[in-house]
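Step one of this worksheet: look at the structure below.
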Number of protein chains: 4
Amino acid sequence: MIAEAPTTAEAFHELIHSNYMYGLWELAGQMTDHPHPKAVAHIWPADLIQRVVKDSGEAVPVGEERRAMQLFNPGLEGRWATTNTLVAAVQVLLPGEVARAHRHTPTAIRFIMQGSGAYTKVDGERVYMEPGDLILTPSWGWHDHGNEGKDTVAWMDGLDVPLVLTLDAIFFQMYEQRQVPDSRPANASRQLHGHAALNPTWVKEKAGASPLLLYSWAQTHAALMGMRDEAGSPHDGVALEYTNPQTGRSALPSMGCWAQLIRPGERLKAHRHTGSAVYYVAQGNGVTVVDGKPLDWTKGSIFTLPAWALHEHANPSASEDAILFSINDFPTLQALGLYKEEAA
Amino acid sequence: MIAEAPTTAEAFHELIHSNYMYGLWELAGQMTDHPHPKAVAHIWPADLIQRVVKDSGEAVPVGEERRAMQLFNPGLEGRWATTNTLVAAVQVLLPGEVARAHRHTPTAIRFIMQGSGAYTKVDGERVYMEPGDLILTPSWGWHDHGNEGKDTVAWMDGLDVPLVLTLDAIFFQMYEQRQVPDSRPANASRQLHGHAALNPTWVKEKAGASPLLLYSWAQTHAALMGMRDEAGSPHDGVALEYTNPQTGRSALPSMGCWAQLIRPGERLKAHRHTGSAVYYVAQGNGVTVVDGKPLDWTKGSIFTLPAWALHEHANPSASEDAILFSINDFPTLQALGLYKEEAA
Amino acid sequence: MIAEAPTTAEAFHELIHSNYMYGLWELAGQMTDHPHPKAVAHIWPADLIQRVVKDSGEAVPVGEERRAMQLFNPGLEGRWATTNTLVAAVQVLLPGEVARAHRHTPTAIRFIMQGSGAYTKVDGERVYMEPGDLILTPSWGWHDHGNEGKDTVAWMDGLDVPLVLTLDAIFFQMYEQRQVPDSRPANASRQLHGHAALNPTWVKEKAGASPLLLYSWAQTHAALMGMRDEAGSPHDGVALEYTNPQTGRSALPSMGCWAQLIRPGERLKAHRHTGSAVYYVAQGNGVTVVDGKPLDWTKGSIFTLPAWALHEHANPSASEDAILFSINDFPTLQALGLYKEEAA
Amino acid sequence: MIAEAPTTAEAFHELIHSNYMYGLWELAGQMTDHPHPKAVAHIWPADLIQRVVKDSGEAVPVGEERRAMQLFNPGLEGRWATTNTLVAAVQVLLPGEVARAHRHTPTAIRFIMQGSGAYTKVDGERVYMEPGDLILTPSWGWHDHGNEGKDTVAWMDGLDVPLVLTLDAIFFQMYEQRQVPDSRPANASRQLHGHAALNPTWVKEKAGASPLLLYSWAQTHAALMGMRDEAGSPHDGVALEYTNPQTGRSALPSMGCWAQLIRPGERLKAHRHTGSAVYYVAQGNGVTVVDGKPLDWTKGSIFTLPAWALHEHANPSASEDAILFSINDFPTLQALGLYKEEAA
């Protein structure tokens, strides 16, 4: 009997590769010292967005779906994604149009950019949309959009589609009719849950998502103005999070929504953190420097911040406030113990 | 050797009693089939309270303490208690007076009955009081009261003194000076935490008690009006709980604060529950029947509800709303798994 | 018209007293600078308890209730209470006896002092009791006791009767038959929930009380031995809390259960805290000094600690461990934000 | 002046594409009616794994990294991933070897397949590994591995590398020396936190990850045997989750660990759910049918289950138990409100 010769490295690699196994030593580069997102910082300027809003109404129908122009991160190679976890889009609804009812597991928000008279109907409740309002569409809730007014209405959609796709948790369903019938008064969630620190005692059920679906601009703006003399955060200034009034936690389980005042002349300090974000400029002009690259923004711009990028916001105006609305994936990172932050 | 004789029942009882022991069989009556509170339902009518407010200003000084008339439950045999766990009082502050700073572990609230121009200062923040406002004084927070206006200002105090005494957890301390120096802007908590479902992101600390100290009547009234078309609870109608905006839970860990609309002609269904309450009639007239005994109330009355008493509220007016403010110990009962409720 | 004369202090006091109101200034002494419990530190020595166990079997029947000798705190003036919130008792069950089924809202524990072969049946599950075991009887669970063996079995009961009475939340019910029929295997909760940090995935419901009903002495002792080289707490030594395996929190919502090793020669540092306790000496001898008064204890003694009393434990033995089992009301104090602690 | 011609669809698409925008209508296929994972069900048979364990020791050194053969899902096109969120690997450590200390944000577990005498050192604590044990390496904890014995030791690694990469939250660091010096006794976490439902009262800090690092096979097996007469889940049988003893929640924030008994002759019912898993066969033989495809497994096999795949487990043996250990991403799905389950 002849002793078996020891396996050579070459034979061994052939063995494992042909059986769907790879040595950790072959993958060393993938465990990097810090995140190296493929996503890049990018800005879609306000005038581009204005033009897209206007032209889209002429060029494409609302059809069976939505007239929603998705913002593709230039670094993400054609993925349906604005950051690694979030997608933002510009959606346009012309007077008289209806975007038919469907539902999906990705969570959605709408931040209204222009126009009055439209609504999002969520599970049978019409939620009317005015510029600056934030509207929630929690995961798996039926929703359609309608424009009863005379204005072209446009808003920024924000969804966690890339995250839900990554987690293999996507579900989608068309409603059998064009719209879900009205089953609750318009803006009913606001009447029930929109009063500061006052909860209806007979509402017992608590879901992860906020039962409040409408956060008005009037209220958000008043809150920011009321805090304008606060120091706030050195990195984020006077930054508010939209919350679930039943729990005080983020309005949506996976996605955070923030509104942020940058005061005239204020230059915030640089920092970086895990978690990515998409910003919409609700008011004013300014600049955000991301890893040394300045993104100059004006009212109506949308820009994106990748994870772990060093960034700082500034409002160079001598007199005008700047207000940034943003969505982020911080609640996801925090739930998993992966949120990290460091000052420059 | 003689066998020891067995112990007799008599000798045994003598043995145990002389050693601070009693047989369970001697105590059988104390474990009752349901609660039999010593506290009774009682009402202090509005005109009595008005007279006490007026006369107190003439008859007694604010002194080193407070001009606060404590409501003693007739069933509780001279205990400092309006229910088994709560005490309510009528406090009066004349123009120019200051009630000096102290702190204590019992949690306190103030519900303003009349007059403008006074404040409660909590940990260095002046919280201005208008009729119908709710002001919190969390456990162990320094507080004093001052009246800078021209009105006699009166409010209902609510504290969990009997509960804290029972738990042997009372602590009390006088401040070294008459008042705590101002260290924050007036009504600062309102600017930071008083905006519906919007939390300042840079405030990281969360205590059990609400960081929001002022809940205005304007907002409470607007909330009740906004929900007037809701079914609400069959027993409590359109009943709101004042909450901690950071958690959505009761504003104070041991004590609940409610505001309750009873619509014209509405007669709520009877029920009973563990937990006691003290009500202040903020608006309107009506009747609450407690274990068969009607308590007729008018704006300004204070009445008390013992635990497990069957009770129902009604507003017989054809046109006027009735609004009840109340404090209760439900959060305590719930934390300990002892809250029970049943319909008539 | 004649001007009304101002009210005199005397007339005013007469007015308020006759209407169940008292001035805060009349009550000043009740808000003390720190707790002054009426309960006192007291010890029931082991030999007394032994004698009571023995004599009770001869002198009193188990009857329709229990042969349970309640420990009355000498300071509490005949209240059914060992501390302000807790009552402990010595319960004795002779061979062949059954203590009939009932239920009540006070939460109960049993800590077995002597004898084998008895069980507590909780909601149809027999939980067998060996010396040193801890058995839970959660609020409102049906329970009876039976002794199938040949030993006199004795245990310490611990209940939050005084707390539940104070909260007017007492409910009590006799079961229609002598015993609840068996509906689950003996010690079933142990098989399901008694494995360290392993939860059955198909059990979805979570109550406030632990689903694990039996904590064996073997396991408790092994845990203490396993930690004997840990520093532990300077005040409590190697002190373990029995927990709810579904939540990691106290096994019962209102009452804490602890087991505490004091090593040979160990003298712990003095401290005090809100919250009261009753101790049973499970092993060894030692001394606890409470507000300067030494309580010398031996295996089988029961002693009580009032709230805010300065106390320190010591085990003067050169070689033998001392182990204290205790019940306390810390979870109640903590839930209400009233737990305070300070070193001497 | 000439009226501007309306934009054509073609021009509009050119406009948006050149500016990193795409119409939702161009992406319709990506929002599928249910998840369509790229990952496939796949099995690495026990004899393959045995051969890889043996050959790897001859063919490749442990080097500066680990001798860890990563299992690549055939459907995931070369991604370092066994499912969309998890990666499993077979790691081998020969007598005398040390795998040097590093740390990373991906969370890791080890499930020991064979051999005695090795340890994983976590933050200075040696955790000794016996076959069937589960060892945790929480996110960002320093860890190295050493083999002090005479056996070849092999284990299955499980990490959430694909999830953390997707979230752009990867951090990695080499320790400055080969090993972290010992700073705690071996298996110290077990002494402190490994006793069923008993928590050390002086340990106040609670992280998201379990402080218990070692879950022994003896205990896991005893728990499964103790529950063998339980009905368990119709789909998963007697399935236990390893938990954090401080909270009763999953041992790790993002990753679940289960041990599952399938009794002789037991055929579980089919179901599907969001969330993916990797199974290691700790004992016995059986078959798991995934979307109609049978995976026949024997002790030592590793197989993978994609999200939303219909699957059922069976143990055809007349006499031998089968026990599956598995890791999954259910805690992540649940934290984000994305866990869904349905029976066949």
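If I filter region C:102-119 down to residues being under 19 Å from the mean Cα position of the chain (by Cα) and either closer than 23 Å to C:Asp47 by Cβ or without any contact (Cβ under 8 Å) to a residue 12 or more places away in the chain (or both), which single residue comes out as most open to solvent (accessible area, probe 1.4 Å)?
C:Gln114
On the basis of being within 19 Å of D:His42 (Cβ to Cβ) and not aliphatic (A, V, I, L, M), does D:Asn315 make the cut? Walk me through it before giving the result.
Numbers: within 19 Å of D:His42 (Cβ to Cβ): no; not aliphatic (A, V, I, L, M): yes.
It is false that D:Asn315 is within 19 Å of D:His42 (Cβ to Cβ) and not aliphatic (A, V, I, L, M).
Would a scan of region B:36-50 turn up a residue that is open to solvent by 70 Å² or more (accessible area, probe 1.4 Å) and facing chain C (nearest Cβ under 7 Å)? Reasoning before the result, please.
Initial filter on region B:36-50 (open to solvent by 70 Å² or more (accessible area, probe 1.4 Å)): B:36, B:38, B:47, B:50.
Narrowing the set further to residues that are facing chain C (nearest Cβ under 7 Å) leaves none.
Taking every residue of region B:36-50 in turn, none turns out to be open to solvent by 70 Å² or more (accessible area, probe 1.4 Å) and facing chain C (nearest Cβ under 7 Å).
Got a sec? Which of B:Val87, B:Val92, B:Val98, B:Val122 is open to solvent by 10 Å² or more (accessible area, probe 1.4 Å), of a type in the set (A, V, I, L, M) and modelled with pLDDT of 95 or more?
Working: B:Val87 fails: open to solvent by 10 Å² or more (accessible area, probe 1.4 Å); B:Val92 fails: open to solvent by 10 Å² or more (accessible area, probe 1.4 Å); B:Val122 fails: open to solvent by 10 Å² or more (accessible area, probe 1.4 Å).
Being open to solvent by 10 Å² or more (accessible area, probe 1.4 Å), of a type in the set (A, V, I, L, M) and modelled with pLDDT of 95 or more holds for just one of B:Val87, B:Val92, B:Val98, B:Val122, which is B:Val98.
Which one of these does A:Gln70 not meet: (1) more than 30 Å from D:Glu65 (Cα to Cα); (2) in contact (Cβ under 8 Å) with a residue 24 or more places away in the chain; (3) open to solvent by less than 10 Å² (accessible area, probe 1.4 Å)?
Exception for A:Gln70: condition (2).
Mind listing whichever residues of region D:147-176 are surrounded by fewer than 20 Cβ atoms within 10 Å (Cβ to Cβ), over 24 Å from A:His34 (Cβ atoms) and either among the polar types (S, T, N, Q) or touching a strand residue (DSSP E or B) at 6+ places or on another chain (Cβ under 8 Å) (or both)? Outline the logic, then answer.
Our first condition is that a residue be surrounded by fewer than 20 Cβ atoms within 10 Å (Cβ to Cβ); within region D:147-176, this holds for D:148-152, D:172-176.
Going one step further and asking which of them are over 24 Å from A:His34 (Cβ atoms), we end up with D:148-152.
Of everything in region D:147-176, those that are surrounded by fewer than 20 Cβ atoms within 10 Å (Cβ to Cβ), over 24 Å from A:His34 (Cβ atoms) and either among the polar types (S, T, N, Q) or touching a strand residue (DSSP E or B) at 6+ places or on another chain (Cβ under 8 Å) (or both) turn out to be D:Glu148, D:Gly149, D:Asp151, D:Thr152.
Which residue out of A:Gln191, A:Gln179 is touching a Gly at 6+ places or on another chain (Cβ under 8 Å), within 13 Å of another protein chain (Cβ to nearest Cβ) and surrounded by fewer than 24 Cβ atoms within 10 Å (Cβ to Cβ)?
Checking each option against the conditions leaves just A:Gln191.
Hey, any hits in region C:135-142 for a residue that's within 14 Å of chain B (Cβ to nearest Cβ), touching a strand residue (DSSP E or B) at 6+ places or on another chain (Cβ under 6 Å), open to solvent by less than 50 Å² (accessible area, probe 1.4 Å) and farther than 30 Å from D:Val238 by Cα?
No; the residues of region C:135-142 include none that is within 14 Å of chain B (Cβ to nearest Cβ), touching a strand residue (DSSP E or B) at 6+ places or on another chain (Cβ under 6 Å), open to solvent by less than 50 Å² (accessible area, probe 1.4 Å) and farther than 30 Å from D:Val238 by Cα.
Output the qualifying pairs, or none if there are none: Cβ atoms under 9 angstrom, residues six or more apart or on different chains, first residue in region A:158-174 and free of Cβ contacts under 8 Å to residues at least 60 places away in the same chain, second residue part of a helix (DSSP H, G or I).
A:Leu167/D:Leu163; A:Leu167/D:Thr166; A:Leu167/D:Thr332; A:Leu167/D:Leu333
Go through the residues of region D:270-281 one by one and say whether even a single one is open to solvent by 30 Å² or more (accessible area, probe 1.4 Å), at negative phi and not basic (Lys, Arg).
Scanning region D:270-281, I find no residue that is open to solvent by 30 Å² or more (accessible area, probe 1.4 Å), at negative phi and not basic (Lys, Arg), so the answer is no.
Considering only region C:234-243, how many residues are surrounded by 23 or more Cβ atoms within 10 Å (Cβ to Cβ) and either in a loop (DSSP other than H, G, I, E, B) or more than 7 Å from every other protein chain (Cβ to nearest Cβ) (or both)?
Here the count works out to 2.
Could you tell me whether any residue of region A:160-167 is hydroxyl-bearing (Ser, Thr, Tyr) and away from chain D (no Cβ under 13 Å)? Give the steps one after another, and end with the answer.
Initially, region A:160-167 is screened for residues hydroxyl-bearing (Ser, Thr, Tyr), giving A:166.
With away from chain D (no Cβ under 13 Å) added as a condition, the list becomes none.
Looking for residues that are hydroxyl-bearing (Ser, Thr, Tyr) and away from chain D (no Cβ under 13 Å), one finds none in region A:160-167, hence no.
Which of the residues that make up region A:205-233 are open to solvent by 30 Å² or more (accessible area, probe 1.4 Å) and assigned to a loop (DSSP other than H, G, I, E, B)?
A:Glu205, A:Lys206, A:Ala207, A:Gly208, A:Pro211, A:Arg228, A:Asp229, A:Glu230, A:Ala231
Any idea how many residues of region D:163-184 are assigned to a loop (DSSP other than H, G, I, E, B) and over 13 Å from D:Arg103 (Cα atoms)?
Qualifying residue count, region D:163-184: 7.
Hey, among the residues in region B:214-233 that are small (Gly, Ala, Ser) and more than 17 Å from A:Lys204 (Cα to Cα), which one's farthest from the other protein chains (Cβ to nearest Cβ)?
So the residue we want is B:Ala218.
Results for (1) facing chain C (nearest Cβ under 8 Å); (2) among the basic types (Lys, Arg); (3) within 36 Å of the chain's Cα centre (by Cα), shown as yes or no for each residue.
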{"residue": "B:Ala9", "(1), (2), (3)": "yes, no, no"}
{"residue": "B:Tyr20", "(1), (2), (3)": "yes, no, no"}
{"residue": "B:Gly23", "(1), (2), (3)": "yes, no, no"}
{"residue": "B:Gln30", "(1), (2), (3)": "yes, no, yes"}
{"residue": "B:Asp33", "(1), (2), (3)": "yes, no, yes"}
{"residue": "B:Val53", "(1), (2), (3)": "no, no, yes"}
{"residue": "B:Pro61", "(1), (2), (3)": "no, no, yes"}
{"residue": "B:Leu94", "(1), (2), (3)": "no, no, yes"}
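Does B:Leu15 satisfy the condition of being in contact with a strand residue (DSSP E or B) (Cβ under 7 Å, 6 or more places away or on another chain) and either open to solvent by less than 30 Å² (accessible area, probe 1.4 Å) or under 26 Å from B:Ser326 (Cβ atoms) (or both)?
Numbers: in contact with a strand residue (DSSP E or B) (Cβ under 7 Å, 6 or more places away or on another chain): no; either open to solvent by less than 30 Å² (accessible area, probe 1.4 Å) or under 26 Å from B:Ser326 (Cβ atoms) (or both): yes.
Here the answer is no, as B:Leu15 does not meet what is asked.
Within region A:253-266, is there a residue that is within 12 Å of chain B (Cβ to nearest Cβ), more than 14 Å from the chain's Cα centre (by Cα), not in a loop (DSSP other than H, G, I, E, B) and not basic (Lys, Arg)? Give the derivation first.
Of the residues in region A:253-266, the ones within 12 Å of chain B (Cβ to nearest Cβ) are A:256-261.
Now drop any that are not more than 14 Å from the chain's Cα centre (by Cα), which leaves A:260-261.
Still in the list and also not in a loop (DSSP other than H, G, I, E, B): A:260-261.
Applying the additional criterion that residues be not basic (Lys, Arg) yields A:260-261.
Yes, that holds for at least one residue.
Kindly evaluate B:Ala118 against the criterion of being within 12 Å of another protein chain (Cβ to nearest Cβ) and not charged (D, E, K, R). First the steps, then the outcome.
On the way: within 12 Å of another protein chain (Cβ to nearest Cβ): no; not charged (D, E, K, R): yes.
No; evaluated as a whole, the condition is false for this residue.
Taking the options A:Leu71, A:Leu76, A:Leu86, name whichever one is of a type outside the set (Val, Ile, Thr) and more than 10 Å from chain D (Cβ to nearest Cβ).
Result: A:Leu86 is the single residue among A:Leu71, A:Leu76, A:Leu86 that is of a type outside the set (Val, Ile, Thr) and more than 10 Å from chain D (Cβ to nearest Cβ).
Do any strands (runs of 3 or more DSSP E) entirely within region D:284-344 hold 3 or more residues that are over 30 Å from A:Val161 (Cα atoms), in contact with a strand residue (DSSP E or B) (Cβ under 6 Å, 6 or more places away or on another chain) and open to solvent by less than 10 Å² (accessible area, probe 1.4 Å), and if so, which? Full working, then the answer.
Numbers: elements: D:286-290, D:293-297, D:302-305, D:311-314, D:322-328, D:341-343.
Hits in region D:284-344: D:322-328.
Being within 19 Å of B:Asn244 (Cβ to Cβ) and part of a loop (DSSP other than H, G, I, E, B) is the filter here; which residues of region B:185-204 pass it?
Result: B:Asn187, B:Gly194, B:His195, B:Ala196, B:Ala197, B:Thr201, B:Trp202, B:Val203, B:Lys204.
Can you confirm whether D:Arg263 is touching a residue at least 24 places away in the same chain (Cβ under 8 Å) and open to solvent by 40 Å² or more (accessible area, probe 1.4 Å)? It would help to see each step written out before you state the result.
On the way: touching a residue at least 24 places away in the same chain (Cβ under 8 Å): yes; open to solvent by 40 Å² or more (accessible area, probe 1.4 Å): no.
No, not satisfied.
For every residue, the table says whether it meets (1) within 30 Å of C:Leu159 (Cα to Cα); (2) free of Cβ contacts under 8 Å to residues at least 60 places away in the same chain.
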position: B:Asn285; (1), (2): no, yes
position: B:Gly292; (1), (2): no, yes
position: B:Thr304; (1), (2): yes, no
position: B:Ala309; (1), (2): yes, no
position: B:Asn315; (1), (2): no, yes
position: B:Ala322; (1), (2): no, no
position: B:Pro331; (1), (2): yes, no
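The values are calculated or read from the model by the stated rules, or taken from the named source; none is laboratory data. Since the structure is predicted, the reported quantities are computational estimates derived from the model, not experimental observations. All Cβ positions, glycine included, derive from the backbone under ideal geometry; neighbour counts span all protein chains shown. These area figures cover heavy atoms from the full protein model, side chains too; ligands, DNA and RNA do not enter into them. Shrake-Rupley method; radii C 1.70, N 1.55, O 1.52, S 1.80 Å.
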